[in-house]
Every structure is written in structure tokens, then in C-alpha cells.
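Below: one structure, written as C-alpha cells.
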Amino acid sequence: MNKILEIKNLSKTFYDNKKHIALSDISFEVNEGEVICLVGPSGSGKSTLLRCIAGLEDIDEGEIVLLGKSAMEISDKHEVGFVFQDYNLWPHKTVLENIIFTPVLKGKMSTDEAKNMAKDLLKRFDLFEKKDSYPDFLSGGQKQRVAIIRALAMKPKLLLLDEITSALDPELISSVLNLIKVLAKEGQSMIVVTHHLKFATEIADKIIFLDEGRMVQQATARDFIYAQSNPRIEDFLKTFSLNKQEVNIYEGVDQFQAFQLGTLKRFKEGSAKYVVGSSGDRWFETMGSFYQTYEEERIKRKISWNMIMYNESPRDHDLRIKYPDLNVYRLIPKDMENPANYYVIEDVVVIQIFGKPGDEPVLIEIKNKDVAKSYMNYFNLLWERSAVIK
Ligand code: ADP
Ligand code: MG
């Protein structure tokens, strides 16, 4: 794996009236395609750390190695994109002008190329019709998405996002978080400072906890939230209402893929996923080129599928033959009808609706212990009545 960023024993002290240690002996790495979430109480040094990485602050001790070079040697800091809480869009420029300004100025591309790229990005993130609007006429969520697109326009190797939803009204937050999920899926390396812990578990490869400038823990998203043993961090987690119950709906191919790849990060190594219903090869088709990434990760982490299907699709068949321990299939009895396709992981039920070929997929995620239990009971019942495929 390519290392994008390496932080070695970084320390940073501010001297105002008195000496103030903001960061103390921080070391970690970001590999290509990884998402690191930085969490910690206010004043713990999260913003300072991002500012050091972006070259906006000098460091006192340690080293920041970016793309194999000491950050001191890199004069063009555009390898790193930075988005702040308060958008910082230029008010006198339109959305399109905001996006193309820096890439054209820095000679990354011609004006025409920049415009085409900006239009593509705006289309992808549902903002195309706003291209000629001025920032004041956008909602906070739209402004923040434009700010992210503007950072992406420089094709940064590493994207730093500092509490970018903090200034948004609650109903606007999900549009921004969803955009970040899609970027995570596509392998954009990122360091994300966020207070949305559930979101963090869905995108983060690693969660780093900072407290008073020290790195207290580095853990997988799963271990951080669900297997936390550090009392200090447990206290911190309690201050967030980690919603125990919720229903989320995800529409479209981008969201579908982002959801599946994100969900995989929440599985424990060696755990099982229970799937009921026929999707034929629609699941594989909908995953598109991300199927490969998904499968590699799943095989690496030995996550098995227990499936009850109407028939075994060709792709399912190939997988079963290739990895006999990874997938177990049974056939739904002919007299039973079960038009939905759903799966259960721990306390979460995910219903997948593919519709007819060409339809946009829809995912419904229900997080509720009792609902999950009743689906699992039904799964077990079907499993007993289903024929084993040999
Ligand atoms: P966080 O983003 O986690 O809330 P910050 O990185 O903003 O925390 O701040 C970490 C500590 O460094 C805080 O105690 C803050 O007061 C201090 N600090 C940050 N920037 C400066 C500065 N420019 N001058 C003096 N102290 C600062
Ligand atoms: Mg901050």
C-alpha cells in the first residue's frame, strides 16, 4: 500500500502569554485510499493537527512526510485539500468560478478543461443547476458541497475536512455526509474531523482519539465504538447520543455502493452476514467496478455470507466454488414467497430493492434490535426448510 502521509513524533507548542502545548508526540500514517476520522473534545488539537499537515502552521518537533517527501520540501501544497467549517467560498464569484479559479490560476488545467471538470463534479453531486449562482443564494449544505468540490478540483492526494457540518442545520447535514461517503468509496484519502460518530464508523478505516494534544488511541471504527475499553473515551462517547434506533434510506447507484463498502467496515473479522431473497446477479451488477474492492476486503477479513436464495446466480456459483468456506447457500422452498432481498448484521436489517433492470436501487437500513431479531428468526426458519446446494 502506498503511504500518502506519515506523521512522526509531531509536537506543536503555542506561546501566547504562557507556553501552551497543543500537540504532543503524535505519530500515525495514512495509506492510499484510507479514511482517518479524528475525534476528541474541543481544544484537544484536532484543528491544529490538520493545519500542521496542510502547512498552515510550523511544527516544533517531529516530521510530516507527504508522498514520501518531508513536508518542508514541498512548495506546492496543493497535494493537500482543506475544507473548513465555514465554507470560505468567494462571495463575488459564481459556483463555477469558485471551483475553476485555483486550478486555472495554478496552471493545473486550461479554463475549458477546468469548466468541464467542474460541470462533471457539479452534475455528480446534484448541483449543476446552481453553477451560475452566487454563494449567498445557496443553502449551507449546498455551499459546503461546493467547497468540497472546489477542493476536489485540485485533485488532492489527501483531503482534510475540519468539522465541515458543524455550521449546518441538522436537515442539511446528511447531504454533505453522503457526499463524503461517496468520496470514501472512491478511494479518496481523507482525514476527517467529525462529531458524527455513526458516520465515522461507516467511513473510517481508523479512528484516532485526541485528548489534550495527545493521541490516546488509534483503533478500527468498530473497536472504537463497540469495544471501547478506555474509560476516558467511554465517557467521551457517552456525551454523544449514539442513536440506538434509526431508519435510513439510500437511493441511487453511488449511494448503494458507498453504503455497501461502508457497511463492510462495520463487520467484525470472521463474522457472518445473513441474506434472504433473490437478486440474481443484480447485486453484483449494481456494485459495478466496486465489487472487486468489496470482495477482496471481505475475503481478507473472512466475512461469510449465509444465503437463502430462489436460485443460485452464476456469480454466486463462481464465488461458492472459488471460496467454499466463505459462502453457504440454500434454496428457498418452492412453496414460499419472499420477494424482498434483505440481510441482517447484528442489530441492523438492510432491505435492498433493485426493481427492474435499469431502475435505480434503493436501500432501507433499519437499526433496531427487535426488528433485527424477528428477521433473524425468520431467516432461521427459512434456513431449516431450505435445501442445501451441493
Ligand atoms: P480542536 O480543533 O480540537 O478544538 P484546536 O486545535 O483548535 O482544538 O486547539 C488546540 C489547543 O491549541 C487549544 O487549547 C487552543 O486554545 C490552542 N490554540 C490553537 N490555535 C492557537 C493559536 N493560534 N494560538 C494559541 N493557542 C492556540
Ligand atoms: Mg477545531
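The values are calculated or read from the model by the stated rules, or taken from the named source; none is laboratory data. A quick note: this is a predicted structure, and the numbers were derived from the prediction, not measured. Virtual Cβ from ideal backbone geometry, glycine too; neighbours counted across all protein chains shown. Just the protein is used for accessible areas: all its heavy atoms, side chains included, with ligands, DNA and RNA removed. Shrake-Rupley method; radii C 1.70, N 1.55, O 1.52, S 1.80 Å.
Each residue in the stretch 157-188 was checked for being more than 16 Å from ligand 1 (Cβ to nearest atom), open to solvent by less than 10 Å² (accessible area, probe 1.4 Å) and more than 16 Å from Gly262 (Cβ to Cβ), and 2 of them qualify.
Looking only at the stretch 251-299, residues that are in contact with a Ser or Thr (Cβ under 7 Å, 6 or more places away or on another chain) and hydroxyl-bearing (Ser, Thr, Tyr) come to 0 in all. Residues of the stretch 213-227 that are modelled with pLDDT of 85 or more and out of contact with any Ser or Thr (no Cβ under 6 Å at 6 or more places or on another chain): Met215, Val216, Gln217, Gln218, Ala219, Thr220, Asp223, Phe224.
What are the residues in the stretch 261-319 that are assigned to a helix (DSSP H, G or I) and among the basic types (Lys, Arg), if any? Listed by number, the residues that qualify are Arg282, Arg298, Lys300, Arg315.
Can you work out which of the residues in the stretch 25-47 that are farther than 14 Å from Ile207 by Cβ and surrounded by 21 or more Cβ atoms within 10 Å (Cβ to Cβ) is farthest from ligand 1 (Cβ to nearest atom)? Among those residues, the one meeting the criterion is Ile26.
Matching residues to (1) of a type in the set (Phe, Trp, Tyr); (2) in contact with an Asp or Glu (Cβ under 7 Å, 6 or more places away or on another chain); (3) part of a helix (DSSP H, G or I):
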residue	(1), (2), (3)
Glu29	no, yes, no
Leu50	no, yes, yes
Lys108	no, no, no
Glu113	no, no, yes
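With respect to being open to solvent by 50 Å² or more (accessible area, probe 1.4 Å) and on the phi > 0 side of the Ramachandran plot, Glu346 fits the description. Figure legend. Inter-residue proximity from the stretch 36-52: first residues not assigned by TED's automatic domain parsing to the domain that holds Lys265, second residues within 9 Å of ligand 2 (Cβ to nearest atom) and of a type outside the set (D, E, K, R), beta-carbon distance below 6 Å, spacing 6+ or different chains. Indicated pairs: Leu38/Val193; Lys46/Val193.
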